[in-house]
Amino acid sequence: MARSESRPVVTLRSTAGTGQTYVTRKSRRNNPDRLVLRKFDPAAGQHVLFREER
C-alpha cells in the first residue's frame, strides 16, 4: 500500500523540555493545524502536552 500524502508522518515533542518524542500519522484534511496531544512523558514521569513539530 502506498504512502498517502493526505496522512503524513508527524513528530510530537514534549512541552516539558525533556526531549521525549512520539511519532504518529495525522489527517491533513481533518487537522490542518498543528496537532497537540496529552501523552505520557517517561522522563518527566507524568502526562504532558506533546506538540507537532515541523
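Ordered from largest to smallest accessible area (heavy atoms of protein chains, 1.4 Å probe), the residues 40, 50 come out as 40, 50. Distance between the pseudo-spin-label points of residue 36 and residue 15 (7 Å out from Cα toward the beta carbon): 0.5 nm. Keeping the other protein chains in place, figure out the carbon and sulfur percent of the accessible area of the chain, with a 1.4 Å probe. Its accessible area is 45 percent carbon and sulfur atoms. Positive-end ranking of 27, 43, 12 along the dipole of the chain, with charges on Cβ about the Cα centre, is headed by 27. A 1.4 Å probe run over the protein chains yields, for segment 1-42, 79 Å² of accessible area per residue, whole-number rounding. Heavy-atom accessible area, probed at 1.4 angstrom with all protein chains present, ranks 38, 29, 51, 13 as 29, 38, 51, 13, highest first.
What full-extension length gain, to one decimal in nm, is calculated for residue 43 and residue 22 as 0.36 nm per residue of separation minus the Cα-Cα distance? Don't skip to the answer; put the middle values down first.
On the way: separation 21, 0.36 × 21 = 7.56 nm, distance 1.30 nm.
Value of the extension gain: 6.3 nm.
The mean sequence distance of close C-alpha pairs (under 8 Å, at least 6 residues apart), as a share of the length of the chain, puts its relative contact order at 39 percent.
Rg and Dmax of the chain, based on Cα coordinates, read 12.2, 37 Å.
The values are calculated or read from the model by the stated rules, or taken from the named source; none is laboratory data. The structure presented is a predicted model; accordingly, all values stated were derived computationally and were not measured. Heads up, the Cβs are rebuilt from the backbone with ideal geometry, glycines too, and the neighbour counts pull from every protein chain shown. Keep in mind that these areas ignore ligands, DNA and RNA; they rest on the heavy atoms of the full protein, side chains included. Shrake-Rupley method; radii C 1.70, N 1.55, O 1.52, S 1.80 Å.
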